[in-house]
Amino acid sequence: MKDKNIDIRYDHNLEEQKKSKLEIEMKRGKKEVFNLDQLKSGGYIRQRQKDLFTVRLRCPGGRVPVEKLKKIAEAASKYSKRDYVHISVRQSIEIPYVDYKDFSQLSDELGEVGQKIASCGPRVRVPTACSGCEYNPNGLVDVQKLCQEIDQKYFGIQCNHKFKISLSGCPIDCFRTNEMDLGFQGAVEPIWDEDTCTGCRICGYACREGAITNDVQTGKPVIDRSKCLYCADCIRACPANSWKEGRKGLVVRVGGRHGRHPMNGAVIAVFLPEEKMGKVIEKVLEWYNKEGKDKGRVRIGDILRDKWTGFVDFIKPVLGDCAVKNPKKPEYIKIHSFQTGWML
Amino acid sequence: MEEKRPAANLDLRGVICPVNFVKTKLKLEEMNIGEILEVLIDTGEPIANVPRSIKEEGHKIIKVEKIDSHFRLLIEKV
């Protein structure tokens, strides 16, 4: 229950990281020092309500084992002053209305089932992902597996600003990889085998991009590669298995973001093999931390717009054959069209 | 190669997605392995979706024929 004897005054200098410690005076005359920097990195988010915080849990890819879910529910009913949890836009469960004095107990109880607390602030955030190819019929890549890998290796790494990674299993891109600091999206290149093709024309109907046209006489397909999204609809639809998987991998987007002034991430690679994903993350973070030095709270997209050619030269060797030729830098997406005076 | 004789047939012209696939699936469930189902479906969305779903269920589409504005499929139950 809430202790009326403790007074905590929120100090905005903490958010700017000018101060990292806060003295809490208990009316009984005792003083305690709270390290709020640590609290912030730990995913405890201050609420409007005095003394109360939202505790953000670490749920990579939105996948929450049932055992953990039970414990979360139990802990929420014990420590939250409300009767619900909130699902964040990045797939994590948040327990609102938690008194800061209950933090350690809450985290210990969740720890019993291995449920960790997430992060906020200037660092690599919990990665998000769709269900991927494991059971979603459209999925092309096992993005859940990759998401867990990212979470284990790169979660919490310090950066200039927040750094969001997301994965989509196919070009429908439900996880909006174009709006992420770094995004990976599954893609498969279709290859046609003339010998087995019966000229049934189903591929032409299955292709939603108008990339496949079937010959009027023979029904045999012609593909316009400039229109192909690499979604594999033709491969799945073909009754004779004449459309086969060619190159398979990830479309890589960098420098995107949402927020007040959203930016469309730049495609830098197509068909990146899954095993190269980690290396790309490491190199992008390395570049961001190097170029961001002394720049303060700035997203990678803004730095990329200034130093695009330098970045392209830096990242090309890592991407190899998958690198996009002459990639275009991230661009602003104007959503507040009434704000005519806003300058870049 | 001689065409296998269908053991059953479904005229799904004018039947929308996914009802056309569901009817196909239910019909196939009644049939014996190796038997052939003849299905008539419309072009457009039905022909884009139904063959894919049949394939994902594990059945085999052995013949596809375009007749005017519809398709005739021969499906072998697997």
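The values are calculated or read from the model by the stated rules, or taken from the named source; none is laboratory data. Keep in mind the model is a prediction, meaning the values are calculated, not measured. Don't worry about glycine lacking a Cβ; one is built from the backbone with ideal geometry, like all the others, and counts go over all protein chains shown.
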Residue check, A:P221 against (1) assigned by TED's automatic domain parsing to the domain that holds A:A323; (2) surrounded by 22 or more Cβ atoms within 10 Å (Cβ to Cβ); (3) over 28 Å from A:V143 (Cα atoms), all met but one. Which one? (1)
For the subset of the range A:80-103 comprising residues that are more than 22 Å from A:R176 (Cα to Cα) and in a strand (DSSP E or B), which member is modelled with the lowest pLDDT? A:D99
Quick check: anything in the range A:270-287 part of a helix (DSSP H, G or I), over 18 Å from the mean Cα position of the chain (by Cα) and not acidic (D, E)? yes
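Yes/no per residue for (1) more than 10 Å from chain A (Cβ to nearest Cβ); (2) charged (D, E, K, R):
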| site | (1), (2) |
| --- | --- |
| B:E3 | yes, yes |
| B:R13 | yes, yes |
| B:V19 | yes, no |
| B:V22 | yes, no |
| B:E29 | yes, yes |
| B:P46 | no, no |
| B:G58 | yes, no |
| B:K63 | no, yes |
| B:I75 | no, no |
Of everything in the range B:1-13, what is outside any strand (DSSP E or B) and closer than 22 Å to B:T43 by Cβ? Give them in sequence order. B:E3, B:P6, B:L12, B:R13
Select from the range A:119-130 the residues that are assigned to a loop (DSSP other than H, G, I, E, B) and over 21 Å from A:N178 (Cβ atoms) and list them in ascending order. A:S119, A:C120, A:G121, A:P122
In this structure, is A:I6 at pLDDT 60 or above, surrounded by 17 or more Cβ atoms within 10 Å (Cβ to Cβ) and farther than 20 Å from A:H161 by Cα? no
Matching option when the condition is away from chain B (no Cβ under 14 Å), touching a strand residue (DSSP E or B) at 6+ places or on another chain (Cβ under 7 Å) and within 30 Å of B:D68 (Cα to Cα), among A:I281, A:I223: A:I223
Just the residues that are assigned to a loop (DSSP other than H, G, I, E, B) and either touching a Leu at 6+ places or on another chain (Cβ under 8 Å) or away from chain B (no Cβ under 14 Å) (or both), please, taken from the range A:177-205. A:M180, A:D181, A:D193, A:E194, A:D195
Could you tell me which numbered condition A:C238 fails, if it satisfies all but one of (1) more than 11 Å from chain B (Cβ to nearest Cβ); (2) of a type outside the set (D, E); (3) more than 32 Å from the chain's Cα centre (by Cα)? (1)
The lone exception for A:T177 - which of (1) in contact with a helix residue (DSSP H, G or I) (Cβ under 8 Å, 6 or more places away or on another chain); (2) within 26 Å of A:E134 (Cα to Cα) it fails: (1)
Taking the criterion of being more than 21 Å from A:C170 (Cβ to Cβ), surrounded by fewer than 12 Cβ atoms within 10 Å (Cβ to Cβ), without any contact (Cβ under 8 Å) to a residue 12 or more places away in the chain and not polar (S, T, N, Q), would at least one residue in the range A:294-305 satisfy it? yes
Conditions (1) under 24 Å from A:M277 (Cα atoms); (2) surrounded by fewer than 16 Cβ atoms within 10 Å (Cβ to Cβ); number of the one not met by A:K70: (1)
A:G259 fails exactly one of the following numbered conditions: (1) in a strand (DSSP E or B); (2) within 16 Å of the chain's Cα centre (by Cα). What is the number of that condition? (1)
Can you find a residue that is in the same structural domain as A:E286 (by TED's automatic domain parsing), among the charged types (D, E, K, R) and in contact (Cβ under 8 Å) with a residue 60 or more places away in the chain anywhere in the range A:194-216? no
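The rows are residues; the columns are (1) closer than 29 Å to A:E189 by Cα; (2) exposed (fewer than 14 other Cβ atoms within 10 Å of the Cβ); (3) touching a strand residue (DSSP E or B) at 6+ places or on another chain (Cβ under 8 Å); (4) aromatic (F, W, Y).
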{"position": "A:P262", "(1), (2), (3), (4)": "no, no, yes, no"}
{"position": "A:E274", "(1), (2), (3), (4)": "yes, no, yes, no"}
{"position": "A:V312", "(1), (2), (3), (4)": "yes, no, yes, no"}
{"position": "A:K334", "(1), (2), (3), (4)": "no, yes, no, no"}
Please pick out the residue among B:I67, B:I36 that is on the phi < 0 side of the Ramachandran plot and at pLDDT below 95. B:I67
Yes or no: A:R208 charged (D, E, K, R) and part of a loop (DSSP other than H, G, I, E, B)? yes
Search the range A:131-159 for residues being assigned to a helix (DSSP H, G or I) and in contact with a Gly (Cβ under 6 Å, 6 or more places away or on another chain), and hand back the single one that is surrounded by the most Cβ atoms within 10 Å (Cβ to Cβ). A:V143
Do the conditions hold for B:V39, that is, is it under 20 Å from A:G199 (Cβ atoms), in contact (Cβ under 8 Å) with a residue 24 or more places away in the chain and within 10 Å of chain A (Cβ to nearest Cβ)? no
Given the conditions (1) more than 14 Å from every other protein chain (Cβ to nearest Cβ); (2) closer than 23 Å to A:W243 by Cβ; (3) touching a helix residue (DSSP H, G or I) at 6+ places or on another chain (Cβ under 6 Å), and given that A:V126 satisfies all but one, which numbered condition is not satisfied? (2)
